[in-house]
1. Looking at 86, 77, which is the one that is surrounded by 15 or more Cβ atoms within 10 Å (Cβ to Cβ), in contact with a strand residue (DSSP E or B) (Cβ under 9 Å, 6 or more places away or on another chain), outside any strand (DSSP E or B) and among the charged types (D, E, K, R)?
2. For residue 23, are the conditions met, namely being surrounded by 13 or more Cβ atoms within 10 Å (Cβ to Cβ), modelled with pLDDT of 95 or more and not acidic (Asp, Glu)?
3. Here is a check on your reading of the model: is residue 100 in contact (Cβ under 8 Å) with a residue 60 or more places away in the chain and surrounded by fewer than 11 Cβ atoms within 10 Å (Cβ to Cβ)?
4. Within segment 26-52, which residues are aromatic (Phe, Trp, Tyr) and modelled with pLDDT of 95 or more?
5. Which residue is farthest from the chain's Cα centre (by Cα), if the candidates are limited to segment 1-51 and must be part of a strand (DSSP E or B) and small (Gly, Ala, Ser)?
6. Return the pairs, sorted by first residue and then second, in which the second residue is crowded, with 16+ Cβ neighbours inside 10 Å and in a helix (DSSP H, G or I), the first residue lies in segment 8-24 and is without any contact (Cβ under 8 Å) to a residue 60 or more places away in the chain, the beta carbons are less than 7 Å apart, and the residues are 6+ apart or on different chains.
Amino acid sequence: MTKLQMTIYLNETDRDSGDLPLHETIVRRLLHEHISGATVLRGVMGYGKHGQVHRTRLFGVSDDRPMVIVAIDEPERVRAVLPDMRSLVTEGLITLQEVEVA
């Protein structure tokens with residue numbers, strides 16, 4: 001069965017307009033839109049278009065670690081929420097890819 005996977009890359013300190021963590025706002029919005037499922041993953045290290053490396057420092061203190069949100073559903077459902085996700089994610093990256101679900 002073919003589905004569409006949306007992957008959103010952002011940083012741990014990214015916030016929405018109400019100052020909530022952006023990853024939390026996105027997951028709640030996906031739930032509200034009845035997307036089948038979403039998972040937030042915290043990265044160990046990464047960098048983006050600005051070339052600044054984000055990683056965990058001494059004693060587990062972060063300097064803005066990368067975050068990844070993965071959501072999978074029917075292609076039309078994912079594409080329907082894409083404009084909303086684009087309006088929320090101003091500094092991150094959103095990718096789409098077809099996936100085979102077993």
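1. After applying the criteria, what remains is 77.
2. yes
3. So residue 100 fits the description; yes.
4. Across segment 26-52, there are no qualifying residues.
5. 46
6. Taking only residues 6 or more apart or on different chains, the pairs are 15/22.
The values are calculated or read from the model by the stated rules, or taken from the named source; none is laboratory data. In this text the structure is predicted, and so the values were computed from the model without any measurement. Virtual Cβ from ideal backbone geometry, glycine too; neighbours counted across all protein chains shown.
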